[in-house]
Amino acid sequence: MEVIIKLLPYVLAFVVTLGMIRLLIPVADSTGLVDRPTDRKSHRGLVPLVGGMAMFSGFAFAVLVLGSQPQVHERAMLAGALVLVIAGVLDDYHELPPHTRLLWQILSAALMTLWGGVVIHRLGAILWPHDVLGLSFLAIPVTIFAVVGGINALNLSDGLDGLAGGLALIALVPGGYLALQGGATDLAPFIGVIVCCLVAFWLVNMRFPWQRRARVFMGDSGSMFVGFLIAWILADLSQPPRQVLTPVTALYLFAVPLMDTIFVIARRLRNGLSPMAADRMHLHHMLLDLGLTPVKAVIAILGLAAILAGLGLAGLCTGVPEFVMFYGFLVLFGVFFVTCNRLRRRIDQAAQD
């Protein structure tokens, strides 16, 4: 009986998410909360954008079952997540201006720092050995910037069936393992709950031999909500008193969305475009343009994300100095940037020919 009680929140998270997806699909179809195909998207037909609401429902229900954990400030976590779900649904119905979305994201990040008390106070010894880089009065602004960046990184990576969910799982599952191993037992249950919600969503979003297309998308409500939780969890786990990983390890766990987003924004700025302009510059777009199927492109990107996350975990577990890991990350990002630039030129040249 004790085992059943302990597993109940995770089972509820999974079941409620799947149940809400089933309940919300006809609502989305009747109200127009659907994603329509464009030249930047690989799906066909109208796909309900209900994954975010379903996952939030499963997450909130399970968190309430877990009971009060004041150390984690679950009320602030739920409030920040709810803000983004509401903003995301509004955006999914009628695209919000970029500055409006940014204000909602800043509000959720402010709830995390000012109410939840999760703040990145130090970045670790990332520049030189044995000298921890502290943020002092910049801690809260840098944390808000990092959270908003994480939210948008996952949001902008949500371009193929199963991609955003897979990237989120690659970031969260190692985080949950480290939380359990490192004694952050107050935060680990929350990670387990969101992982169960993501798995439930991923089963109806990823393309499988028995499921030729996604039945639902997470939408902006889902990608922003999940991106917020990833930023919260990785920030919390990288700072005392629950520190079980270094800030640079967090970069490795979420490397592909971060690298892809920075690359795309840099290309847009260089081309005189808005950072939020729609285009086909993302890694998944380039892989599709090179001839990969959507499933193969997702597998390739998730494989790269898993390798980079594995490198980060290996460095953490073997005691590689933080500054070595940080400079190594910069080198890997340089390789990523150069490779994507060459792929983009190759694709553009082929289109001209």
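Scanning segment 101-140 for residues that are without any contact (Cβ under 8 Å) to a residue 12 or more places away in the chain and closer than 23 Å to Gly88 by Cα gives a single hit, Leu103. Would you mention how many residues in segment 288-304 are charged (D, E, K, R) and exposed (fewer than 15 other Cβ atoms within 10 Å of the Cβ)? Residues meeting the conditions: 1. The residue that is farthest from Leu304 (Cα to Cα), counting only those in segment 324-353 that are surrounded by 15 or more Cβ atoms within 10 Å (Cβ to Cβ) and not hydrophobic (A, V, I, L, M, F, W, C), is Arg344. Only a single criterion out of (1) modelled with pLDDT of 95 or more; (2) closer than 30 Å to Ala184 by Cβ is not satisfied by Arg242, namely (1). Contact map, segment 304-331: residues that are under 15 Å from Pro257 (Cβ atoms) paired with residues that are at pLDDT below 95 and part of a helix (DSSP H, G or I), Cβ distance under 9 Å, separation 6+ or inter-chain. Pairs shown: Leu304/Leu283.
Among the residues of segment 265-279, not a single one is surrounded by 22 or more Cβ atoms within 10 Å (Cβ to Cβ), touching a residue at least 60 places away in the same chain (Cβ under 8 Å) and either farther than 14 Å from Leu156 by Cβ or in contact with a Leu (Cβ under 8 Å, 6 or more places away or on another chain) (or both). Within the option set Gly117, Gly80, being of a type outside the set (A, V, I, L, M, F, W, C), exposed (fewer than 15 other Cβ atoms within 10 Å of the Cβ), out of contact with any strand residue (DSSP E or B) (no Cβ under 9 Å at 6 or more places or on another chain) and closer than 23 Å to Leu234 by Cβ holds for one residue only, Gly117. Give me the pairs: first residue in segment 145-161 and within 14 Å of Ile120 (Cα to Cα), second residue buried (at least 24 other Cβ atoms within 10 Å of the Cβ) and hydroxyl-bearing (Ser, Thr, Tyr), beta-carbon distance under 8 Å, and six or more apart or on different chains, which are they? The qualifying pairs are Val147/Ser108.
Based on what the data block shows, is Thr293 within 23 Å of Val148 (Cβ to Cβ) and either modelled with pLDDT of 90 or more or touching a strand residue (DSSP E or B) at 6+ places or on another chain (Cβ under 9 Å) (or both)? Lay out the reasoning, then the answer.
On the way: within 23 Å of Val148 (Cβ to Cβ): no; either modelled with pLDDT of 90 or more or touching a strand residue (DSSP E or B) at 6+ places or on another chain (Cβ under 9 Å) (or both): yes.
Here the answer is no, as Thr293 does not meet what is asked.
In segment 72-98, the residues that are farther than 23 Å from Gln243 by Cα and in contact (Cβ under 8 Å) with a residue 60 or more places away in the chain form no Cβ pair under 6 Å with any partner that is of a type in the set (Gly, Ala, Ser) and surrounded by fewer than 20 Cβ atoms within 10 Å (Cβ to Cβ), whether six or more places apart or across chains. Can you find a residue that is of a type in the set (A, V, I, L, M), in a loop (DSSP other than H, G, I, E, B), in contact with a Cys (Cβ under 9 Å, 6 or more places away or on another chain) and surrounded by fewer than 24 Cβ atoms within 10 Å (Cβ to Cβ) anywhere in segment 280-287? Yes: segment 280-287 contains one or more residues that are of a type in the set (A, V, I, L, M), in a loop (DSSP other than H, G, I, E, B), in contact with a Cys (Cβ under 9 Å, 6 or more places away or on another chain) and surrounded by fewer than 24 Cβ atoms within 10 Å (Cβ to Cβ).
When you scan segment 86-95, do you find a residue that is farther than 29 Å from Ser274 by Cβ, of a type in the set (A, V, I, L, M) and either assigned to a helix (DSSP H, G or I) or modelled with pLDDT of 95 or more (or both), even just one?
To start, the set of residues in segment 86-95 that are farther than 29 Å from Ser274 by Cβ comprises none.
Within segment 86-95, not a single residue is farther than 29 Å from Ser274 by Cβ, of a type in the set (A, V, I, L, M) and either assigned to a helix (DSSP H, G or I) or modelled with pLDDT of 95 or more (or both).
Only one of the listed residues (Leu46, Leu12) is out of contact with any Pro (no Cβ under 9 Å at 6 or more places or on another chain), surrounded by 13 or more Cβ atoms within 10 Å (Cβ to Cβ), more than 16 Å from Gly222 (Cα to Cα) and modelled with pLDDT of 80 or more. That residue is Leu12.
Listed here are the residues, each with its yes/no results for (1) loosely packed, with under 15 Cβ neighbours inside 10 Å; (2) of a type in the set (A, V, I, L, M).
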| site | (1), (2) |
| --- | --- |
| His73 | no, no |
| Ala87 | no, yes |
| His99 | yes, no |
| Ala109 | no, yes |
| Gly124 | no, no |
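The values are calculated or read from the model by the stated rules, or taken from the named source; none is laboratory data. For clarity, every value in this text was computed on a predicted model and none was experimentally measured. Ideal geometry is used to build each Cβ from the backbone, glycine not excepted, and the neighbour counts take in all protein chains shown.
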